[in-house]
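So the structure is just underneath, and the comments pick up after that.
The values are calculated or read from the model by the stated rules, or taken from the named source; none is laboratory data. The model shown is predicted, which means the values in this text are computed figures rather than measured ones. In this analysis, Cβ positions are derived from the backbone assuming ideal geometry, glycine residues included, and neighbour counts consider all displayed protein chains. What goes into the accessible areas is simple: the full protein's heavy atoms, side chains included, and nothing from ligands, DNA or RNA. Shrake-Rupley method; radii C 1.70, N 1.55, O 1.52, S 1.80 Å.
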Amino acid sequence: MEKLTHLILLLLSASCAADNITLVYGVEGGTISINCTYNPWQQRWREKSWCKQIDETKCQHVVSAHRFWLPFLKNRNGTTAISDDVHKGVLTVTMKRLKKQDAGLYQCRTEYLGETNTLQKVQVKVLTAVLETQMPEEPRAVHSISSIHPEADFTVFYVFGGLLAVKLVVAVLIFLSLARVAKTERQRRTQA
């Protein structure tokens, strides 16, 4: 069921071409990951961040990916984590345990010497979690007219498997002993 949910969300994700905004859907309580790409040669040394846009001019900082020579610094803020693959030029933001208030417009950004550039704008939509309905159980027979208990099938399988394993071990031991006898016989002939 989880794979089906991920497939549906993947199909729902789309790009808004007019504003160059990537649309990403998530489910309450679920996890989404967003990849923001950049030119690693031009922006390797810049600090990358993820922020939530408050209005046209303000973007509230959520988390930063510290430069790769500072790996000990924390790259997480609550349920949001960020990682930066400077070799491939991919900034990955992961938001876990999504809530309705996580919905909104976000930005992947780079910052260097006071200059801020937007790598990508992402519109996050959080869908209400749908409770899975229980499928009715298949009726089970109270009394079986079968002559073999269902677990007996596995027992027979294990017995035959064990017998085959024992036969294989015996065959290997016979082969090894015959090989040893043949070797001893050859050594005796070469000495005579």
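Looking for whichever is open to solvent by 50 Å² or more (accessible area, probe 1.4 Å) and either at pLDDT below 85 or within 18 Å of GLN107 (Cα to Cα) (or both) here; the options are TRP50, TRP45, TRP41. Which one fits? Walk me through it before giving the result.
On the way: TRP50 fails: open to solvent by 50 Å² or more (accessible area, probe 1.4 Å); TRP41 fails: either at pLDDT below 85 or within 18 Å of GLN107 (Cα to Cα) (or both).
Unique residue meeting the criteria: TRP45.
State the number of residues belonging to the range 108-118 that are buried (at least 20 other Cβ atoms within 10 Å of the Cβ) and of a type outside the set (Val, Ile, Thr). Working first, answer last.
Restricting attention to the range 108-118, the residues satisfying the condition of being buried (at least 20 other Cβ atoms within 10 Å of the Cβ) are 108-110.
The next check asks that each one be of a type outside the set (Val, Ile, Thr); those that pass are 108-109.
Residues meeting the conditions: 2.
When the range 87-102 is limited to residues that are open to solvent by less than 30 Å² (accessible area, probe 1.4 Å) and aliphatic (A, V, I, L, M), the one that is farthest from ASN77 (Cα to Cα) turns out to be LEU91. All conditions in (1) open to solvent by less than 40 Å² (accessible area, probe 1.4 Å); (2) farther than 15 Å from GLN123 by Cα; (3) modelled with pLDDT of 85 or more hold for THR57, with the sole exception of (1).
Scanning the range 94-130 for residues that are assigned to a loop (DSSP other than H, G, I, E, B) and modelled with pLDDT under 90 gives LEU113, GLY114, THR128, ALA129, VAL130. Does SER83 satisfy the condition of being under 17 Å from LEU119 (Cβ atoms), at pLDDT 75 or above and under 18 Å from the mean Cα position of the chain (by Cα)? So SER83 passes the test.
Quick check: anything in the range 26-33 closer than 19 Å to GLN120 by Cα, modelled with pLDDT of 90 or more and among the small types (Gly, Ala, Ser)? Can you show your working first?
Let us first name the residues in the range 26-33 that are closer than 19 Å to GLN120 by Cα, namely 26, 32-33.
When the remaining residues are screened for being modelled with pLDDT of 90 or more, the result is 26, 32-33.
With the extra rule that they be among the small types (Gly, Ala, Ser), the set shrinks to 26, 33.
Yes, there is a match, as at least one residue in the range 26-33 is closer than 19 Å to GLN120 by Cα, modelled with pLDDT of 90 or more and among the small types (Gly, Ala, Ser).
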